[in-house]
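Read the structure below first, then the notes.
Read-outs throughout are calculated quantities, based only on the coordinates presented, and are distinct from any laboratory measurement. Nothing here was measured: the structure is a model prediction, and the numbers come from that model. Note: ideal-geometry Cβ built from the backbone for every residue, glycine included; neighbour counts use all protein chains shown.
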């Protein structure tokens, strides 16, 4: 894995907040008109640079918590602050999603008609006007995640591990301080999973990115410095240095 | 990758659907262009007719349903000539009949003396004289069509005429028609002592508009026509064609708009999850809307280009029909193509407005959950 040769877009500001990267206070989220309580008064603080795994049985609220942190959804009650932003009173949620948080999904969620490098360019449309600089940074990011030679391949032509690496490169495009990953190894074989985890871990360690990973995979939980065990919409146990 | 490149890739993903939509809009644009070319050509031909022989305007019967139905007493020519600032008046009896392959052969009957002031560009033979019986002058195009030369006999309508001369004219109706003596044509058309219209030339320095107004006031039951736009005074044909043109343009917008809307709704619906991804990586609703609108506009502009080219080709093909050649001239003016592009842009905007709005209303979470 090489270092990024090109700086992030100039419009991306450096984190200028103090305090925790994530702070949840009494976060509640229900679905089906209140009949299904996905999160039930979650309190949580994640400091900058932490590697946190969120584990628990299906339906315990892990992904819902992650989606709220990414400002993809809004809580019914409680407050969430991420990278200094109160997500309940957003000045600009689109900008927040573009530069403050990077998302990696279980399904890689790449745009199938675009090549790998074009997929990585997509978030840069919001921050970098120069087409050449967008392309240059996207290529560097692909090099960074180790698949520069697959830049012109479309998602159907890539293996599962390669697609997930493209997704990670895309999540890093605007150099966000927080990376949120929802089952990033969920559909990968063990060897590929290990390589993707190596990449995420090195990102957290070397680039001081805060990493929150929702997972069923015990290997992921083993590597994390902190593991949150969730059950029925609550954090049942918060284990540091497991 | 540029934004427009991304838009293009989106269109190319569903090639068949994009092409079918393009064809649908292109047909509508072809209709708009073809009608525009024909209408403008007709007006141009009518303008040439009004000012033929150096006339400033023509006089016709007020309230006539059609110019060819106008009937004026022959002595009205003298009455008009007596008006101030009138240099010359040429009464003409118009008789539309068949000749050769031309089903709209314009034969006009004028006094022999008036022909001299008409400054005809004779290419063969001579002008008509009083002792010519059933003599006719043919336009060059008509002479070609009838394979006629000076001295030959031609059948025009039910009557035989002797060709006295052949003239050249820029006006299509004149070039593909003929000129006969007024008395001869009155006899053939069975319209004694009448003319259809009178061509008026004003004295140098006088205003044709002022003279025309004065004639309308001084001479009862007549109207003056200075250009094609004033034809509606005696002929609703142009008004109808203009109205049909506008109606078809509107219809093109509605039908094309529905087609584009169908395509764009399908496209946005199919890409719901992808739109969720775009929103999740920070694209604003406005940027997504711009993408959808641009896809639609790109499709419609391509359709406008194809439609305009086909429109030009179709109108040229129509001109190959002998029945049309002597009657219709085509005019490819820039405003026709501007209108085609405007119609295409309106179709694109109208068709994409709802899908684009829907795309912006999708919450990232809902869109990502979409299967």
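Which ordering of B:108, B:117, A:202, B:267 is given by a fewest-first count of other beta-carbon atoms within 10 Å? Kindly include the intermediate steps, with their values, before the conclusion.
Working: B:108 26, B:117 18, A:202 12, B:267 22.
Ordered by Cβ neighbours within 10 Å, fewest first: A:202, B:117, B:267, B:108.
Mean silhouette area of the range B:328-370, derived from the convex hull of its C-alpha atoms and averaged over all directions, reads 4.7 nm².
Give me the inter-chain shielding for B:271-279: mean count of other chain Cβ atoms within 10 Å, whole number please. Mind dumping the intermediate values first?
Details: counts 3, 0, 3, 6, 0, 2, 11, 5, 4.
Average neighbour count from other chains, rounded to a whole number: 4.
In this simple spin-label approximation, residue A:40 and residue B:121 carry label points 7 Å from Cα along the Cα→Cβ vector, and these lie 9.8 nm apart. Based on alpha carbons, the Rg and Dmax found for chain A are 17.3, 51 Å.
Against chain B, whose longest principal axis comes from its Cα atoms, helix B:208-218 is set at around 60 degrees.
So how many Å³ per residue does the convex hull of the Cα atoms of the range B:57-225 work out to?
110 Å³
Quantify how strongly other chains surround peptide B:281-290 by giving the mean number of their Cβ atoms within 10 Å of each of its Cβ atoms. Intermediate values should be presented prior to the final figure.
Numbers: counts 17, 21, 7, 7, 1, 1, 3, 0, 0, 0.
Mean partner-chain Cβ count within 10 Å for B:281-290: 6.
Counting partner chain Cβ atoms within 10 Å of every residue's Cβ in A:120-130, what's the average? Working shown, then result.
On the way: counts 0, 3, 7, 6, 3, 10, 6, 1, 0, 0, 0.
Other-chain Cβ atoms within 10 Å of each residue's Cβ, averaged: 3.
Report the FRET efficiency, 1/(1 + (r/R0)^6), for residue B:3 and residue A:239, where r is their Cβ-Cβ distance and R0 is 51 Å, rounded to 0.05. Numbers along the way, then the final one.
On the way: r = 46 Å, r/R0 = 0.91.
My answer for the efficiency is 0.65.
Across chain B, Cα-Cα pairs more than 25 Å apart make up 63 percent of the total. Stretching residue B:19 away from residue B:369 to a fully extended chain increases their span by 122.9 nm, per 0.36 nm per residue minus the current alpha-carbon distance.
Dimensions of the range A:116-159 along the principal axes, based on C-alpha atoms and rounded to the nearest Å, stand at 31, 18, 13, largest first.
State the volume of the convex hull built on the alpha-carbon positions of the range B:1-98, expressed per residue in Å³ and rounded to an integer. Could you put the intermediate results ahead of the total?
Working: hull volume 21.6 nm³, N = 98.
Taking only Cα atoms, the range B:1-98 has a hull volume of 221 Å³ per residue.
Note on residue B:78 and residue B:218: the model spin-label points, each 7 Å out from Cα along the C-beta direction, lie 1.6 nm apart.
How would you rank A:60, B:300, A:24, going from fewest to most other Cβ atoms within 10 Å of each one's own Cβ? Could you put the intermediate results ahead of the total?
Details: A:60 21, B:300 31, A:24 24.
Placing the least packed residue first, the sequence is A:60, A:24, B:300.
Descending by average beta-carbon neighbour count within 10 Å, the peptides A:69-78, A:179-188, B:244-253 line up as A:179-188, A:69-78, B:244-253, the highest first. Rg over Rh for the protein assembly as shown works out to 1.31, both radii taken from alpha-carbon positions and Rh defined as the Kirkwood radius.
Extension gain, residue B:265 to residue B:130, is 41.1 nm, computed as 0.36 nm per intervening residue step minus the present C-alpha separation.
Calculate how steeply helix B:285-318 sits against the longest principal axis of the alpha-carbon atoms of chain B, using the helix alpha-carbon long axis, and give the answer as 0 to 90 degrees to the nearest 10. The helix B:285-318 is inclined about 30 degrees to chain B.
Of B:154, B:305, the sequence from fewest to most neighbouring Cβ atoms within 10 angstrom is B:305, B:154. Between helix B:15-50 and chain B there is an angle of about 20 degrees, using the helix long axis and the longest principal axis of the Cα atoms.
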